[in-house]
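Notes for the one structure printed next.
The values are calculated or read from the model by the stated rules, or taken from the named source; none is laboratory data. From a predicted model like this one, the values you see are computed outputs, not experimental measurements. Please note: Cβ atoms are built from the backbone with ideal geometry, for glycine as well, and neighbour counts cover all protein chains shown.
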Amino acid sequence: MRSGRHRFVGMTIDERLGRLAEHHEALTQSVELLTSDLRDLQGVVRELARQHGGLARRNEKLESLVTDIAEGTARLLHVVQAHEHRISGNQSQ
């Protein structure tokens, strides 16, 4: 790439202005594309945030369900142990 000063050597003012206008247009298009991409990414981020919120709520429900199952299993274990103790007590008599 040529340095900035030597780029316009030998060009008339009109030619220089034309080149600058072309560069300006190219930069404008680049900014428009980047702006569009940014809007798309913002939409994706919003959707991911919505999904994350839904997953967090689902995870809380699952944690509650697992806790309920664990507590129920512990109660059943206690009942089984009590029955075993009662059965073994009856067999020894």
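Yes or no: ASP14 at pLDDT 90 or above, surrounded by fewer than 10 Cβ atoms within 10 Å (Cβ to Cβ) and on the phi < 0 side of the Ramachandran plot? Spell out how you get there, then give the answer.
On the way: at pLDDT 90 or above: yes; surrounded by fewer than 10 Cβ atoms within 10 Å (Cβ to Cβ): yes; on the phi < 0 side of the Ramachandran plot: yes.
Yes; evaluated as a whole, the condition is true for this residue.
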- prompt: Based on what the data block shows, is GLU47 under 31 Å from the mean Cα position of the chain (by Cα), among the acidic types (Asp, Glu), surrounded by 10 or more Cβ atoms within 10 Å (Cβ to Cβ) and within 30 Å of ARG7 (Cβ to Cβ)?
  reply: no
